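Everything below concerns the one structure shown next.
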Amino acid sequence: MQNGMHTDRDRCVRAVRSKDARFDGWFFTAVLTTGIYCRPSCPAVPPKPENMVFHPSAAACQQAGFRACKRCRPDTSPGSPEWNHRADLVARAMRLIADGVVDRDGVPGLAARLGYSTRQIERQLLAELGAGPLALARAQRAQTARLLIETTALPMAEIAFAAGFSSIRSFNDTVREVFALSPSALRTRAPRPTATDLLSRPAAGPPRAAVPGTLSLRLPFRAPLNPDNLFGHLAATAVPGVEEWRDGAYRRTLRLPHGPGIAALTPRPDHVACRLTLADLRDLPVAISRCRRLLDLDADPVAVDDQLRTDPVLAPLVDKAPGRRVPRTVDEAEFAVRAVLGQQVSTAAARTHAARLVTAHGEPVDDPEGGLTHLFPAPEALAALDPESLAMPRTRRTTFTTLVRELAGGGIRLGVESDWQETRARLLALPGFGPWTVDVIAMRALGDPDAFLPTDLGIRRAAAELGLPATPAALTARAAAWQPWRAYAVQYLWATDSHPINFLPV
């Protein structure tokens, strides 16, 4: 899928006429005669081509004066896959905006995180997305407000500030402008979801009384999605106290800007059911963004699988179970620490090491619904511990202490704004960091879709079974044909084994 699909008018018209949900989030259709904008899969009768105008983002549609369609709710489309497989300035800015940086720190804060001037960032976002950072953040606030209006009984004033608005007036004006309804009318019209309704809305009907700070949402994705390796991997490697598999859901604690949270994620045929318990509702957009990133829900599985099917060795694996995602993380620094703990040890041993750190240095949380007890320790807490207390070989201990010191001091930054190549180089310069550790961090923490693990034991076993080249160099050369989706090829190769990471827990 090429960048800037909204500029290919003929292709967009064909997508709208076919009502193909795969293109939701890639572009938006603004209808000149009605003043509304839609997702490509809108169930309404398609407008005449001469009445269609195409935009790259919901924010661009809103900035051009169009209102969100009340049938297809385009403001809640799955996110654009562009921000998953790119690491340029625009992609990194979009990931930060989704993580709520503009709402918390303003455009200057966004610029500081990226190392560019505000003018450069605004110019590039306008050129590619038709909207600047403030408009993009405003569109996200409107979506959050709608979610809270429809899924909670909170007073409108509380919703306004929880969604990030600076005043009740701006909240009311934005909701009316974007949705052509007042907040109270939006709550009254809250629809009951159907099996094919892929929107982030209540999992079971209109607003009802709920535990304070707890919301039930539906996270949409592009089909197909194979949950086996995705949830299987997260459950099999779960750190006791921080993560668990309970009643068909993967549950874990979240470190959020305004306090701790807990997410429970359950795979469904057409969505992922998400139950969030938050100390502060202002963290709702950030929590949703991190859960989507954890489950790789904004991926374009059709584009990925089509590329991998061109290899006759991978084609049967893809056809057998298409739509595999890359299990990622909600906390990049946490994953890097866990990657070091997992060097040259079994999955069980890595969990044991991590659980000891959690018990000794994690921050306690209250979980009345299950067995979650702590947030994973922050790098600052781990940097202060006594190295002699670590039950690991001296060389691994040096690797660990060097990493947490760099993370705590800012020498290495693993946030969504990270430049992938620069971060790889910084990690490789640390003692004890070889290609496997760097690439597994790149794949699961940085989100690089082309990260590859030719020296991984599971990959080597799969290569031997499938008749692929045996040496890392030869296998890497063969894998060039899988670019830019080699991280997804890793998931298909891992799935040839009987390891628990490949199976949905029962």
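The values are calculated or read from the model by the stated rules, or taken from the named source; none is laboratory data. Nothing here was measured: the structure is a model prediction, and the numbers come from that model. Positions of Cβ are generated from backbone atoms using ideal geometry, with glycine treated the same way; all protein chains shown enter the neighbour counts.
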Item to check | helices (runs of 4 or more DSSP H) lying entirely in segment 65-121 (those with 1 or more residues that are in contact with a Ser or Thr (Cβ under 6 Å, 6 or more places away or on another chain)) | outcome: 89-98, 101-114
Next on the checklist: Going residue by residue through segment 489-502, is there one that turns out to be in contact (Cβ under 8 Å) with a residue 60 or more places away in the chain, assigned to a loop (DSSP other than H, G, I, E, B) and of a type in the set (S, T, N, Q)?
Outcome noted: yes
Item to check | Selection within segment 260-271 - modelled with pLDDT of 95 or more and either buried (at least 23 other Cβ atoms within 10 Å of the Cβ) or under 15 Å from residue 215 (Cβ atoms) (or both) | outcome: 261, 262, 263, 264, 265, 266
Item to check | Extreme residue, surrounded by the fewest Cβ atoms within 10 Å (Cβ to Cβ), among residues of segment 300-312 that are assigned to a helix (DSSP H, G or I) and among the acidic types (Asp, Glu) | outcome: 306
Checklist entry - When you scan segment 313-414 for helices (runs of 4 or more DSSP H) that lie fully inside it, which ones turn up with 3 or more residues that are of a type in the set (A, V, I, L, M, F, W, C), surrounded by fewer than 18 Cβ atoms within 10 Å (Cβ to Cβ) and assigned by TED's automatic domain parsing to the domain that holds residue 300? => result 347-361
Checklist entry - Given the structure, is residue 345 at pLDDT below 95, among the β-branched types (Val, Ile, Thr) and under 26 Å from residue 499 (Cα atoms)? => result yes
Checklist entry - Would you say residue 314 is farther than 16 Å from residue 227 by Cβ, modelled with pLDDT of 95 or more and hydrophobic (A, V, I, L, M, F, W, C)? => result yes
Next on the checklist: Taking the conditions exactly as written (under 18 Å from the mean Cα position of the chain (by Cα), charged (D, E, K, R) and over 22 Å from residue 301 (Cβ atoms)), does residue 99 satisfy them or not?
Outcome noted: yes
Next on the checklist: Can you go through 325, 396 and tell me which one is out of contact with any Pro (no Cβ under 6 Å at 6 or more places or on another chain), modelled with pLDDT of 95 or more and charged (D, E, K, R)?
Outcome noted: 325
Next on the checklist: Please count how many residues of segment 9-44 are in a loop (DSSP other than H, G, I, E, B), closer than 19 Å to residue 68 by Cβ and of a type in the set (D, E, K, R).
Outcome noted: 2
Checklist entry - Can you pull out the residues in segment 424-464 that are within 11 Å of residue 487 (Cα to Cα) and more than 26 Å from the chain's Cα centre (by Cα)? => result none
Next on the checklist: Please pick out the residue among 78, 56 that is within 28 Å of residue 303 (Cβ to Cβ), more than 19 Å from the chain's Cα centre (by Cα) and crowded, with 21+ Cβ neighbours inside 10 Å.
Outcome noted: 56
Checklist entry - Looking at (1) surrounded by fewer than 20 Cβ atoms within 10 Å (Cβ to Cβ); (2) touching a Ser or Thr at 6+ places or on another chain (Cβ under 6 Å), can you tell me which one residue 462 breaks? => result (1)
Checklist outcome for this item: Residue hits (segment 374-420; within 21 Å of residue 286 (Cα to Cα) and among the β-branched types (Val, Ile, Thr)) are 416
Item to check | Options 455, 437, 471: the member that is hydroxyl-bearing (Ser, Thr, Tyr) and within 17 Å of residue 313 (Cβ to Cβ) | outcome: 471
Item to check | Within segment 128-158, considering residues that are without any contact (Cβ under 8 Å) to a residue 40 or more places away in the chain and over 24 Å from the mean Cα position of the chain (by Cα), the one nearest to residue 213 (Cα to Cα) | outcome: 155
Checklist entry - Looking only at residues in segment 100-135 that are out of contact with any helix residue (DSSP H, G or I) (no Cβ under 7 Å at 6 or more places or on another chain) and on the phi > 0 side of the Ramachandran plot, which one is modelled with the lowest pLDDT? => result 115
Next on the checklist: Is it the case, given these coordinates, that residue 284 is at pLDDT below 95, of a type in the set (A, V, I, L, M, F, W, C) and assigned to a strand (DSSP E or B)?
Outcome noted: no
Item to check | Complete set of residues in segment 149-169 that are surrounded by 14 or more Cβ atoms within 10 Å (Cβ to Cβ) and of a type in the set (Gly, Ala, Ser) | outcome: 160, 162, 163, 164
